[in-house]
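The values are calculated or read from the model by the stated rules, or taken from the named source; none is laboratory data. Predicted model, so just to flag it, every value in this text is computed and none were measured. Note: ideal-geometry Cβ built from the backbone for every residue, glycine included; neighbour counts use all protein chains shown. Just so you know, the surface numbers come from the protein's heavy atoms only, side chains and all, with ligands and any DNA or RNA stripped out. Shrake-Rupley method; radii C 1.70, N 1.55, O 1.52, S 1.80 Å.
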Amino acid sequence: MGSRWLDFPVYWEAGRKAIQGLTVYDVQGHFQYKYSPFIALLFGKAFSSVSFQTASWVYQKATLFAWVGIFIGLSRGSALKFLLLLLYFGNALKLDLALGQMNAWVLILLLALFTEIDEPKLSPAHCSFSMRFRKDILFGLLFSFAVQLKLFALVLIPLLLLRREYRKIAFGLLSLPLLSIGGYALSHGFQASLAENSRWLSSLSSSTDVLLLSPQNVGLLGTASKIFGLLAGKAVWGIIGIGFLFALYRGRSRSNEWFRNRLLFAIAFFNPLVWSYWILFTMPLFVEKISRLQLPRPKFYRIAFVFTALFVFAAFVSQHATWAWQGGLFAALAILGVFDPAPLTPADHEVFSRSP
């Protein structure tokens with residue numbers, strides 16, 4: 001699969017060990033397994049009957065089709081949007097596929113969960129309590145599954161709180177031990193499952209501070225920590241994070257899609273560890289902003305906009321460039337986050353949904 005096929009082998013090895021009842025958290029260093037033991041068990045069972053080469057080929061091709069579906073879905077039938085997504089995010093997509101990452105599957109789950117939150121509430125006359133209850137249980141199970149794949153799936157929580165979807169939150173949190181502990185216990189027993197889940201929780205913080213200062217960590221916390229030091233970097237991260245949450249609260253009357261785009265953007269900006277190809281999570285916000293783009297009339301501002309767009313493009317396609325890791329990608333993410341192409345109307349959801 002190539003010399004960069006580094007992440008899928010971690011999942012593969014974890015799956016083989018999980019089937020045998022061995023711990024999957026005894027590998028030290030960067031390439032350690034950090035997801036739930038239940039996910040490792042599922043990986044093992046899914047690929048137990050095929051060779052590593054076959055599993056690698058199937059996984060990479062399936063992930064490619066998943067990304068193509070995401071690109072098409074976000075483009076909403078617009079060839080121009082599709083081409084711009086490929087232009088700006090093609091290199092990140094290439095690296096994600098080359099590594100054998102699972103970001104496509106997490107993003108699909110998150111997009112589906114955000115869509116479910118966006119579903120109009122039906123009156124009791126049209127939707128029985130038992131039907132709403134079953135839908136919330138299914139939401140909770142999928143949410144739990146997404147969190148076990150990547151902890152950053154917790155970005156759903158702010159919107160669920162603002163929309164007072166307390167039952168969805170409760171089912172999601174209750175489903176975490178149900179799947180992670182209960183699912184693993186079905187194969188290896190309750191005591192073994194408790195021990196392995198305890199190792200999972202311990203592994204989550206075992207190497208985080210070391211990786212924060214990695215040259216390739218391009219998010220806010222990583223960048224601020226490399227500039228100001230770890231303690232001051234965490235302070236900057238916390239202050240800006242609180243400001244971001246306050247901005248979400250102020251915009252609480254906005255559409256769920258508006259929230260979705262910014263919360264997915266937060267994965268690539270606020271997550272403690274952000275690798276360059278995680279800019280793929282900013283695609284929904286990118287599409288929203290190009291949909292509402294209005295070029296400024298004064299010539300100076302047009303020139304400034306062109307140079308800014310070229311800088312963001314250069315940073316996004318420079319996945320392996322030192323300058324991108326050392327602040328270029330972070331600056332591009334910040335520009336995408338704060339750039340306001342045109343004021344949103346009260347009907348912002350319909351505006352950028354219909355944009356060509």
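Listed values, structure above:
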{"read-out": "Residues of segment 2-59 that turn out to be among the β-branched types (Val, Ile, Thr), surrounded by 14 or more Cβ atoms within 10 Å (Cβ to Cβ) and in a loop (DSSP other than H, G, I, E, B), as a count", "value": "3"}
{"read-out": "One residue from Lys226, Lys234 being assigned to a helix (DSSP H, G or I), of a type in the set (Lys, Arg) and surrounded by fewer than 19 Cβ atoms within 10 Å (Cβ to Cβ)", "value": "Lys234"}
{"read-out": "Some residue of segment 171-179 being open to solvent by 30 Å² or more (accessible area, probe 1.4 Å) and of a type in the set (Gly, Ala, Ser)", "value": "no"}
{"read-out": "Output for segment 32-50, where each listed residue is farther than 13 Å from Gly182 by Cα and of a type in the set (Val, Ile, Thr)", "value": "Val50"}
{"read-out": "Candidate set from segment 209-222 (those that are touching a Leu at 6+ places or on another chain (Cβ under 9 Å) and in a helix (DSSP H, G or I)); member that is modelled with the lowest pLDDT", "value": "Asp209"}
{"read-out": "Index of the failed condition, Phe246 passing every other in (1) under 19 Å from the mean Cα position of the chain (by Cα); (2) open to solvent by 70 Å² or more (accessible area, probe 1.4 Å); (3) at pLDDT 95 or above", "value": "(1)"}
{"read-out": "Residue within segment 118-132 that is free of Cβ contacts under 8 Å to residues at least 40 places away in the same chain, open to solvent by less than 20 Å² (accessible area, probe 1.4 Å) and not in a helix (DSSP H, G or I) present", "value": "yes"}
{"read-out": "Residue identified as under 17 Å from Met283 (Cα atoms), at pLDDT 95 or above, under 20 Å from the mean Cα position of the chain (by Cα) and open to solvent by 10 Å² or more (accessible area, probe 1.4 Å) among Leu110, Leu142, Leu95", "value": "Leu95"}
{"read-out": "Filtered residue count, segment 71-92, keeping only those that are open to solvent by 10 Å² or more (accessible area, probe 1.4 Å) and more than 21 Å from Ser318 (Cα to Cα)", "value": "8"}
{"read-out": "Positions within segment 326-356 being modelled with pLDDT of 80 or more and outside any helix (DSSP H, G or I), in sequence order", "value": "Phe339, Asp340"}
{"read-out": "Among the candidates Ser202, Ser198, Ser253, residue that is over 30 Å from Asp26 (Cα atoms), open to solvent by 40 Å² or more (accessible area, probe 1.4 Å) and of a type in the set (Gly, Ala, Ser)", "value": "Ser253"}
{"read-out": "Verdict on Leu151 being open to solvent by 50 Å² or more (accessible area, probe 1.4 Å), touching a residue at least 24 places away in the same chain (Cβ under 8 Å) and within 13 Å of Phe114 (Cα to Cα)", "value": "no"}
